[in-house]
Amino acid sequence: MDVSNIFEEKSLRWTQERPHFLERRDELYDFLEIYDYCKEINEQIRFSEDVYYEEIEDGVIFCEWLYDAGTSEGEEERRFFQEILSKSCSSVQNDREEEGKQAILVSLGVYPGCVATRKEYVEARRKILSEIQNVREYEAFMHSCFINSVFADNILQEMKNIKDFSLRAEEITKNLAVLNDEAIELYKLYSNDLKKAMQILTAKLLECSDDPKHRRYLIFPFTYSELARGDNSAKTKKILCEPHLKLIRQDSDLRIYFSWSDPEVGEGEKVLIGRIGRHPY
């Protein structure tokens, strides 16, 4: 799946409702969070050269403010835009309509058809993910939609066996989203009573439960590196992923097996997804 993140230059435009560009700092900080997310997944937000000619204040166009060295007001914001535009300003016209590509339009503040916050941006990516019908394309794209998750090395192996995958993608996406967004916090709150954490997930989804009888089948390999210690060499660790979310219905053989946390894989800050698919026994 090829996605283009495109800045909507018209969202910079001066209006009577937004008369001063530098009073929009809250919107800029929201945009910075989207920008940082894209950096984390090794993507860029692309800008059209038209952005330079947008009127951001009455009688002032963006490039005049951007390269005005005569005032210190807004210097931090000016440096930020100078940096990102030097790296990512290019023609984006074809990306909006090119076959096989989907564009996510990013704006500064609320603008029709655009996303303006990190939450909206992630939701837009996950919507694209939920509509992917090919399981290989889904697996390749899902990592960028759930950055608080680590997936087992062999996660695709079982996903390829999911019957009618295109009909299940939306539900899989919904369940992965809840795990990604909430599992670590639940683990921190209820590490001494994980049944309570599972009850909370059950209330949000179909069901979350343990499977103590089959633990020997629920061990999956994960690759990690100890970057905090200056060691970027790849290591493999096998981890028990016993808790699981049931999908479709109570008696279905489709589920997501996970581990709440691991001090090495994800450094205790990411949920581990061991298997998406049938029982491994």
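The values are calculated or read from the model by the stated rules, or taken from the named source; none is laboratory data. These numbers come from a predicted model, not from an experiment. As a convention, Cβ positions derive from the backbone with ideal geometry for all residues, glycine included, and neighbour counts pool all protein chains shown. Heavy atoms of the whole protein, side chains included, go into the accessibility calculation; ligands, DNA and RNA do not. Shrake-Rupley method; radii C 1.70, N 1.55, O 1.52, S 1.80 Å.
Okay, here's what the table says:
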quantity: Long-range neighbours under 6 Å by Cβ, at least six apart or interchain, first residue among the small types (Gly, Ala, Ser) within the stretch 115-144, second open to solvent by 20 Å² or more (accessible area, probe 1.4 Å) and part of a helix (DSSP H, G or I); calculated: Ala116/Asp30; Ser130/Glu170
quantity: Index of the failed condition, Arg24 passing every other in (1) exposed (fewer than 14 other Cβ atoms within 10 Å of the Cβ); (2) under 12 Å from Ala116 (Cβ atoms); (3) not acidic (Asp, Glu); calculated: (1)
quantity: Tally of residues being more than 20 Å from Asp251 (Cα to Cα) and either among the charged types (D, E, K, R) or at pLDDT below 95 (or both) across the stretch 167-190; calculated: 4
quantity: Residue check for Ala177: under 18 Å from Val265 (Cβ atoms), among the aliphatic types (A, V, I, L, M) and in a helix (DSSP H, G or I); calculated: no
quantity: Boolean, Ser233 is part of a loop (DSSP other than H, G, I, E, B) and either open to solvent by 20 Å² or more (accessible area, probe 1.4 Å) or over 18 Å from Leu156 (Cβ atoms) (or both); calculated: no
quantity: Output for the stretch 171-198, where each listed residue is surrounded by fewer than 14 Cβ atoms within 10 Å (Cβ to Cβ) and either within 22 Å of the chain's Cα centre (by Cα) or not small (Gly, Ala, Ser) (or both); calculated: Glu185, Lys188, Leu189, Asn192, Asp193, Lys195, Lys196
quantity: Matching residues in the stretch 217-230 - criterion: being open to solvent by 50 Å² or more (accessible area, probe 1.4 Å), of a type outside the set (Ser, Thr, Tyr) and either in a strand (DSSP E or B) or within 13 Å of Tyr257 (Cβ to Cβ) (or both); calculated: Ile219
